[in-house]
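What follows is one structure encoded as structure tokens, with my remarks underneath.
The values are calculated or read from the model by the stated rules, or taken from the named source; none is laboratory data. In this text, all values refer to a predicted model and were calculated from it rather than measured experimentally. Protein only, heavy atoms only, side chains kept; ligands, DNA and RNA dropped before computing areas. Shrake-Rupley method; radii C 1.70, N 1.55, O 1.52, S 1.80 Å.
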Amino acid sequence: MRANPMGAATAVITIAALAAAALAASAPPRHAPQSAAAAPPPVSSALARCRTLGEAGGADPTCQAAWADQRRRFFAGPTTTASAGSAER
């Protein structure tokens, strides 16, 4: 009786796939490193308070100052605060 070459090839491929799956399952998970740019910026307590005020926050001087500071930092981009301060002059 003659062996089926397709059956042998199927068995070898199946064993190789099972071995690869076992190795992948036993390896520790690889996570992408988290960069500082990917993390959301912390919300200041003043901005959090202004958010709870709703429309009344628009007339609050503390909220106006906090929003102005937030806009300045947002539009300054990745520059340092020293160079951002000199650009406003």
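Any chance you could look up the accessible area of Leu18 with a 1.4 Å probe, heavy atoms only, rounded to 10 Å²?
Taking all protein chains as shown, Leu18 has close to 110 Å².
On a full-extension model of 0.36 nm per residue, what is the gain between Ala21 and Ala56, subtracting their alpha-carbon distance, rounded to one decimal in nm?
Full extension from Ala21 to Ala56 adds 6.7 nm.
Apply the Karplus parameterisation 6.51 cos²θ - 1.76 cosθ + 1.60, with θ equal to phi minus 60°, to every residue of segment 58-70 and state each ³J(HN,Hα) to the nearest whole Hz, in sequence, with x for glycine and proline.
Those phi angles translate into x, 9, 7, x, 5, 5, 4, 5, 5, 5, 4, 5, 5 Hz.
Long-range amide H contacts for Asp60: which residues qualify at under 5 Å (H placed 1.01 Å from N, peptide plane, sequence gap of 5 or more or a different chain)?
none
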